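The next block holds one structure in the form of structure tokens; read it before the comments.
The values are calculated or read from the model by the stated rules, or taken from the named source; none is laboratory data. Since we're looking at a predicted model, the values are computed, not measured. Backbone-built Cβ (ideal geometry, glycine too); neighbour counts: all protein chains shown. For accessibility, only protein heavy atoms count, side chains too; no ligands or nucleic acids. Shrake-Rupley method; radii C 1.70, N 1.55, O 1.52, S 1.80 Å.
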Amino acid sequence: MSNLLIKPRTHDKTYHSLTAEQAGWTYLNFEAKILEAGEQIVGDTGDYEYCFALLGGNFKVEAAGQVWETGNGRKDVFSGIGHAMYLSRRTPFVLTAQSPGTDIAICKVLSDEDHPPRMKRPEEAAIEYRGGDNANRQINSLLEPGFGCHKIVCVEVYTPSGNWSSFPAHKHDERKVADDGTLLEANLEEIYFYKIDKPQGYAIQQVYTEDRSLDEIVRVKNNEAVLVPKGYHPVVAGHGYNVYYLNFLAGSDQSLANTSDPDHDWIYGSWKGADPRLPIVTAEMNG
């Protein structure tokens with residue numbers, strides 16, 4: 001089995017718990033857990049900034065003398081757009097699930113900056129359609145580049161059945177800056193966390209470097225995750241299965257600046273049309 005593929009823990013409410021040390025990198029810590037109605041996470045962010053991404057259900061967060069409630073949380077990732085709750089370092093908090101089977105993904109990243117807490121709501125998410133033809137997909141920005149935080153970027157991506165995604169392939173493993181100071185590529189760690197709309201469904205992801213010192217192809221199923229420590233990382237959705245993945249990224253910059261695989265640059269601008277199945281989700285579907 002690929003050491004980039006992370007399978008969920010069975011029969012455990014915290015079905016993912018991955019530290020940066022376990023992943024062999026510096027920044028990203030990742031959890032996913034199910035909470036029953038009334039169940040709480042009581043904690044303190046300490047030296048980390050947090051992003052709680054709501055996959056399904058509803059929750060309330062009490063922190064920094066304020067209270068946020070999702071209210072219109074989606075039933076699951078194929079039933080609307082996610083809420084994202086951002087908390088800065090050194091923030092005590094209480095998160096309370098407000099519906100049965102509340103499904104939450106959590107990113108924690110070491111930080112030495114302070115930023116205001118904020119809940120990003122579905123109607124605030126910028127929706128983008130990238131690519132075209134059978135490489136068309138939907139991207140919902142939850143904690144987008146420019147969001148008021150230190151390092152975390154969080155986006156969710158919907159790839160219709162049979163389509164390619166994260167394609168043409170790109171990488172973000174080397175910080176590059178133009179002569180005028182423009183950031184050309186950030187050095188980022190990334191996790192792809194998958195949901196598939198049918199239990200037997202799957203996606204295929206490749207992670208490769210130009211010199212092929214890393215070159216893996218991974219078959220990914222529902223609730224599994226893929227680590228992207230470096231290299232290019234395209235995805236294809238299995239035919240018959242709509243694929244969702246949540247991306248958490250962190251590294252040198254709060255940015256998605258990247259470099260595409262030059263072998264496939266010719267594909268940009270070659271598309272003839274858009275996929276009529278998009279959008280797969282909208283904020284109007286929530287709650």
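Structure notes:
- Residues of the stretch 107-131 satisfying the condition of being farther than 15 Å from VAL153 by Cα and either open to solvent by less than 10 Å² (accessible area, probe 1.4 Å) or among the acidic types (Asp, Glu) (or both): ASP112, GLU113, ASP114, PRO122, GLU123, GLU124, GLU128
- Candidate set: the stretch 60-70, residues that are open to solvent by less than 60 Å² (accessible area, probe 1.4 Å) and out of contact with any Asp or Glu (no Cβ under 9 Å at 6 or more places or on another chain); chosen: the one nearest to LEU278 (Cα to Cα): THR70
- Considering the stretch 201-216, the residues that are without any contact (Cβ under 8 Å) to a residue 60 or more places away in the chain and not in a loop (DSSP other than H, G, I, E, B) include one that is nearest to ASP173 (Cα to Cα), namely TYR208.
- Failed item, numbered, when VAL236 is tested on (1) open to solvent by 20 Å² or more (accessible area, probe 1.4 Å); (2) part of a loop (DSSP other than H, G, I, E, B): (2)
- Looking across the stretch 10-39, just one residue is under 22 Å from the mean Cα position of the chain (by Cα), assigned to a loop (DSSP other than H, G, I, E, B) and among the acidic types (Asp, Glu), and that is ASP12.
- Taken over the stretch 113-165, the criterion of being assigned to a loop (DSSP other than H, G, I, E, B) and closer than 22 Å to HIS233 by Cβ is satisfied by GLY131, GLY132, ASN136, GLU144, PRO145, LYS151, ILE152, PRO160, SER161, GLY162, ASN163.
- Total residues in the stretch 132-146, condition open to solvent by 10 Å² or more (accessible area, probe 1.4 Å) and touching a residue at least 40 places away in the same chain (Cβ under 8 Å): 5
- Breaking point among (1) in a strand (DSSP E or B); (2) open to solvent by less than 60 Å² (accessible area, probe 1.4 Å), for PHE78: (1)
- Subset of the stretch 40-72 (residues that are of a type in the set (Phe, Trp, Tyr) and within 21 Å of the chain's Cα centre (by Cα)): TYR48, TYR50, PHE52, PHE59
- LYS198 being crowded, with 18+ Cβ neighbours inside 10 Å and not aliphatic (A, V, I, L, M): no
- Selection status of LYS195, in a strand (DSSP E or B), over 14 Å from the mean Cα position of the chain (by Cα), more than 25 Å from PHE93 (Cβ to Cβ) and touching a residue at least 60 places away in the same chain (Cβ under 8 Å): no
- Every residue from the stretch 248-274 that is surrounded by fewer than 20 Cβ atoms within 10 Å (Cβ to Cβ) and either part of a strand (DSSP E or B) or charged (D, E, K, R) (or both): ASP253, THR259, SER260, ASP261, ASP263, ASP265, LYS272
- Scanning the stretch 81-106 for residues that are out of contact with any Leu (no Cβ under 7 Å at 6 or more places or on another chain), among the hydroxyl-bearing types (Ser, Thr, Tyr) and either closer than 25 Å to TYR158 by Cβ or assigned to a strand (DSSP E or B) (or both) turns up THR96, SER99.
- Total residues in the stretch 275-284 satisfying the condition of being open to solvent by less than 80 Å² (accessible area, probe 1.4 Å) and not hydroxyl-bearing (Ser, Thr, Tyr): the figure is 6.
- Residue within the stretch 175-184 that is open to solvent by less than 10 Å² (accessible area, probe 1.4 Å) and of a type in the set (Val, Ile, Thr) present: no
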